[in-house]
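Comments concern the structure below.
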Amino acid sequence: MSSNEMPKAYEAKSYEDEIYSAWEQSGFFNPDNLTGEPYSIMMPPPNVTGVLHLGHALENALMDAMVRYQRLCGKKVVLVPGTDHAALPTQAKVEMMLMEAGMKNPRQELGREKLVAKIREFAEASRATILSQIKKMGTSCDWSRLAYTFDDKRNVAVNELFRRMFEDGLIYRGHRVVNWSTKGQSTCSDDEIIYVERPSVLYTFKYSKDFPITIATTRPETKLGDTAVAVHPTDERYQKYIGQTFTVDVGAAKPLLIKVIADEGVDPSFGTGALGVTPAHSPVDFLMYEKQKANGNPIEIIQVIGQDGRMTAEAGSYAGLTVEEARAKFVARLSEQGLLEKEPEEIVQNVGTSDRFKDVIESLPMTQWWLDVQKVIPSRGKSLRDLMREALTTGLDGDITKKVTITPERFTKLYLNRVENLRDWCLSRQTWWGHRIPVWYRGEEMVCGTAPEGEGWEQDPDTLDTWFSSGSWTFSTLGWPEKTKDLQEFHPTNWIQMGSEILYLWLMRMVLMSTYALDEIPFKDAYIHGVLRNEQGKKFSKSDANGIDPLDVIQEYGCDALRLSVLIGTTPGNDARYYKEKVEAGRNFVNKLWNISRFVLSSVDTSLVSSMPAPVTLADKWILARLEFTAGNISKLLEQFDFSLAIEVLREFVWTDFADWYLEISKVQQADASQKESTDKILLYVLKNILVLAHPFMPFVTEVIWREFNEGLLLVGSWPAVSGFANAEAEQQFDGLKELIVGIRNIRSHYKIEPKKLLQIVFVTQESSRTELELYRAIIATLARVEPDFIVATSYEPALADVSSVIRDITVFVKLETIIDPEKEKVQKEKEIAQLRSYIKATQEKLSNQEFLSKAPATIVAGMEQKKREAEEKLALLS
RNA sequence: GGAUGUUUAGCUCAGUUGGUUAGAGCAUCUCGUUUACACCGAGAGGGUCGAGGGUUCGAAUCCCCCAACAUCCACCA
């Protein structure tokens, strides 16, 4: 296709697929075909639970902009793509789907093997969809290194990590209170609980008539398992009871022995100041239970709620009832026996619910696998918590080069605060989709790591929390535990981006795993982004049906437009809004670039493409200087991860400097045979560099234009280097010319002179400025639409119909056909004079302030003097 | 209850270590079919930077306090 065949508007969809496969086939997505300094990014693997949404479009735009920039800078770049099996969420989703299709209990009806097969089928289909979507987004990742959190290689890494941690005594099996989802029949971690406000009833009562202390609860049925009442140690009301044990009969299997204990954690001013302790069904109470045990003053633990959500045999007459039924029965009994001390009170309560199964989380004592974050690692002399802290503060082992930097910085504080409060991590899940706990049992024997030889071994039925495998993502993707070349070359990774919502879930665990397994940080820089919201500021969610499918957007506006729309206005850590006008603005920019190229390529001799430009005119010098500045600025902004501002700077240069000014001037210059070639060279040079600068943000359109006049792929082009075209003087002079032209246009607009009419003008200025004006005669004539034979004089006696305006040191007189009302003119002029006077007065005041003169830096003072002088000159010309 | 963030033009947002008369995109208004582009061009209007104090020669920017909104954490029985 030659340039004059370039269609009038850029039609994204007719190029994108073809361009992507050209990139892919080139092999340059794979670092093995690149040279230079290694640079690596691991793609946060999307969950196979669904399809990609707008948030993924943002993530892909961010990552791809970064890797394309780095690749253009000549680095050996790899972006490793992948997907996440998302253990529990995926199983939950498939079970929901099966139940919607009529199945009552998928686990019972299908059994482990068949259900896992069903889930795998779903996951594989979803995975394929996701991978094709990533391609649609133009992401330049290395498909030969594609990873999956649940493939065999990652399983090897997971098992090895588990074994090492087990042998270091960090992973242990313990009987403790866990978060239990009855509906999901599994534990979940603290991070997977969502607190929902719900109405609840607070009951205030005594266990029995002769029990001396009143307590309150919203969960009366759990009181069947109470074994203590806790009060504040200094609470005078209850001093005398501390240490005593009371026997009460609440209808449980056995009478309860309630010991009155002292605990600092009890707030004496809240409620009755006494707390019924249910060690088996409350995490807080369980801690008290452990504390009492350690103190040598143990209390009992009685489990009255079972894994099926029904009351256990321990609950005596309540056994077999659901939690709700038991609650009603217990309250009825309290009422009958007159034990309620107050009317039940309706309150709003935060109830912990399962993120995935949506039911209320029960606290139950169970034997599970745990990761201890506080225990000292034998070979290291510090704990996982210490490692996690070091990595974000002093750098690992105090080595500042091994420090993770988070952008924006404020998330570091949140991270550290969380690290300090981290509790042991419950690793085991009772769901089936996921890495199985790598532990085998035979009678009393237990083996960890790999399946042992011999008969009769049985593997632990539980699976691992999905974040255990995600945590090792930065290095499991590179072949760990083998000592691969990739691992050596690309770890620690350079950069990662993620949403703020997974800072704790993922970032923290990657730091944990990487520092533990490799003694390395997982990445040097972490960029945290917010979520995309709709025009009303609401989060996009599937249930609200306000979700936008990025593929639809790509279909309608093109991938480049979508990328621009999610990147513009996105600042680190902050949420951003997304709406149609943004994509339209993106699409318009893409199309503008297309038409700029169309014009350049149809008006120049493209065989000059590889010649170095030699600036001749002021405009030439100016545009090259601006290009140099822009390129440096974009580099700087990208190094600071300021994507939005980088695009803004690019847009300003492309649209305003190049299209609105230089292109229009180039038409004048091209008409002059002596300047045609030099102008062509500059047009080509600037266009070429614009394509490189824009490529990270709008890869498709830039690549399409690139191949119109270049060999090879822009994908592996070179980022503009400093070329010595910086020219502050030319920039300043050109600004003067611009001001003059804008000033004349202003006069036309102000006096409503029709656009077609060429203005008759007299410029009055000092002798020294005359040659300059002569030099730009053609440009001024064309851009300001002025008769080319305008007069330049040192003095002039205006005619009655003339109007004038002062622009810098030049007074412009325009001849009008009708005489303008002089009174109106006078008013206008006086207004301008008044403004100048007040400005001069204000600057004068500052400049006569001794403190300002002595304390402000010299450049500020000089700048202000300069401004004042200019204002005074203008004032002189006006009056 | 604790923490963090946000509050700047009609809307969405920038505003770099405090320093000229606070910017952009979109929207609005006026004009325009100049052969790159109406997904465009030229021009214009629009802000006492949430309120109140303070520091400073100088504050949108730093400090204090208040308010509204958002998010995260904890969760009180």
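The values are calculated or read from the model by the stated rules, or taken from the named source; none is laboratory data. Here the structure is a predicted model, which is why all the values come from computation and not from measurement. For neighbour counting, all protein chains shown are included, and Cβ atoms are generated from backbone atoms with ideal geometry for every residue, glycine included. Side chains included, ligands, DNA and RNA excluded: accessible areas come from the protein's heavy atoms. Shrake-Rupley method; radii C 1.70, N 1.55, O 1.52, S 1.80 Å.
Numbers for the structure displayed
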item: Number of positions in segment A:369-382 that are within 23 Å of A:HIS175 (Cβ to Cβ) and surrounded by 18 or more Cβ atoms within 10 Å (Cβ to Cβ); result: 5
item: Test result for A:PRO481, in contact with a helix residue (DSSP H, G or I) (Cβ under 6 Å, 6 or more places away or on another chain) and away from RNA strand B (no atom under 16 Å from the Cβ); result: yes
item: Positions within segment A:244-283 being more than 21 Å from A:LYS329 (Cβ to Cβ) and without any contact (Cβ under 8 Å) to a residue 24 or more places away in the chain, in sequence order; result: A:GLN244, A:THR245, A:THR247, A:SER269, A:PHE270
item: Evaluation of A:PHE166 against (1) open to solvent by 40 Å² or more (accessible area, probe 1.4 Å); (2) more than 15 Å from RNA strand B (Cβ to nearest atom); (3) among the hydrophobic types (A, V, I, L, M, F, W, C); (4) part of a strand (DSSP E or B) (one fails), failing number; result: (4)
item: Qualifying residue in segment A:556-565 (condition: within 14 Å of RNA strand B (Cβ to nearest atom), on the phi > 0 side of the Ramachandran plot and buried (at least 22 other Cβ atoms within 10 Å of the Cβ)); result: yes
item: Members of segment A:7-35 found to be open to solvent by 50 Å² or more (accessible area, probe 1.4 Å) and either touching a strand residue (DSSP E or B) at 6+ places or on another chain (Cβ under 8 Å) or away from RNA strand B (no atom under 16 Å from the Cβ) (or both), listed by number; result: A:ASP17, A:GLU18, A:GLU24, A:GLN25, A:PHE28, A:ASP32, A:ASN33, A:THR35
item: Residue list for segment A:179-206, filter: acidic (Asp, Glu) and either in contact with a Gly (Cβ under 6 Å, 6 or more places away or on another chain) or not in a strand (DSSP E or B) (or both); result: A:ASP190, A:ASP191, A:GLU192
item: Residues located in segment A:748-764, provided they are buried (at least 16 other Cβ atoms within 10 Å of the Cβ) and outside any loop (DSSP other than H, G, I, E, B); result: A:ARG748, A:LEU759, A:ILE761, A:VAL762, A:PHE763, A:VAL764
item: Yes/no for A:ILE833 being touching a residue at least 24 places away in the same chain (Cβ under 8 Å) and under 50 Å from the mean Cα position of the chain (by Cα); result: no
item: Search result, residues across segment A:262-303 that are away from RNA strand B (no atom under 14 Å from the Cβ) and among the acidic types (Asp, Glu); result: A:GLU290, A:GLU300
item: Residues of segment A:606-630 classified as more than 16 Å from RNA strand B (Cβ to nearest atom) and either of a type in the set (D, E, K, R) or on the phi > 0 side of the Ramachandran plot (or both), total; result: 3
item: Only listed residue being within 16 Å of RNA strand B (Cβ to nearest atom), open to solvent by 10 Å² or more (accessible area, probe 1.4 Å) and either closer than 21 Å to A:LEU371 by Cβ or of a type in the set (S, T, N, Q) (or both), chosen from A:TRP467, A:TRP440; result: A:TRP467
item: Of residues in segment A:519-538 being outside any loop (DSSP other than H, G, I, E, B) and in contact with a Leu (Cβ under 8 Å, 6 or more places away or on another chain), the one nearest to A:VAL404 (Cα to Cα); result: A:ALA526
item: Counted residues, segment A:826-865 - those being over 30 Å from A:ALA801 (Cα atoms) and among the charged types (D, E, K, R); result: 6
item: Every residue from segment A:712-736 that is part of a helix (DSSP H, G or I), free of Cβ contacts under 8 Å to residues at least 24 places away in the same chain and either open to solvent by 50 Å² or more (accessible area, probe 1.4 Å) or under 20 Å from A:TRP622 (Cβ atoms) (or both); result: A:GLU729, A:GLN732, A:ASP735
item: Enumeration of residues in segment A:351-365 that are open to solvent by 20 Å² or more (accessible area, probe 1.4 Å), in contact with a helix residue (DSSP H, G or I) (Cβ under 8 Å, 6 or more places away or on another chain) and not acidic (Asp, Glu); result: A:ARG356
item: Any chance A:TYR685 is within 16 Å of RNA strand B (Cβ to nearest atom), buried (at least 20 other Cβ atoms within 10 Å of the Cβ) and at pLDDT 95 or above; result: no
item: All positions within segment A:377-396 that are part of a helix (DSSP H, G or I) and either without any contact (Cβ under 8 Å) to a residue 12 or more places away in the chain or of a type in the set (S, T, N, Q) (or both); result: A:ASP386
item: Top-ranked residue of segment A:44-75 - restricted to ones that are of a type in the set (A, V, I, L, M, F, W, C) and part of a loop (DSSP other than H, G, I, E, B), ranked as surrounded by the most Cβ atoms within 10 Å (Cβ to Cβ); result: A:VAL48
item: Test: residue in segment A:78-90 that is under 30 Å from A:TRP180 (Cα atoms), small (Gly, Ala, Ser), buried (at least 21 other Cβ atoms within 10 Å of the Cβ) and touching a residue at least 12 places away in the same chain (Cβ under 8 Å); result: yes
item: Exclusive hit being hydroxyl-bearing (Ser, Thr, Tyr) and within 30 Å of A:LYS826 (Cα to Cα), set A:SER718, A:SER769, A:SER723; result: A:SER769
item: Qualifying residue in segment A:360-371 (condition: out of contact with any Lys or Arg (no Cβ under 9 Å at 6 or more places or on another chain) and within 26 Å of A:SER514 (Cα to Cα)); result: yes
item: Contacts under 6 angstrom Cβ, first residue in segment A:308-331 being closer than 20 Å to A:GLN185 by Cα, partner surrounded by 20 or more Cβ atoms within 10 Å (Cβ to Cβ) and of a type in the set (D, E, K, R), 6 or more apart; result: A:VAL323/A:GLU221
item: Residue within segment A:137-157 that is at positive phi and either at pLDDT 95 or above or crowded, with 16+ Cβ neighbours inside 10 Å (or both) present; result: yes
item: Every residue from segment A:568-605 that is assigned to a helix (DSSP H, G or I), near RNA strand B (Cβ under 6 Å from one of its atoms) and farther than 29 Å from A:GLN675 by Cα; result: A:GLU581, A:ALA585, A:ARG587, A:ASN588
item: Neighbours by Cβ (under 7 Å, 6+ apart or cross-chain): first from segment A:530-554, within 14 Å of RNA strand B (Cβ to nearest atom); second open to solvent by less than 60 Å² (accessible area, probe 1.4 Å) and at pLDDT below 75; result: A:ASN534/A:ASN546; A:LYS538/A:ASN546; A:PHE540/A:ASN546
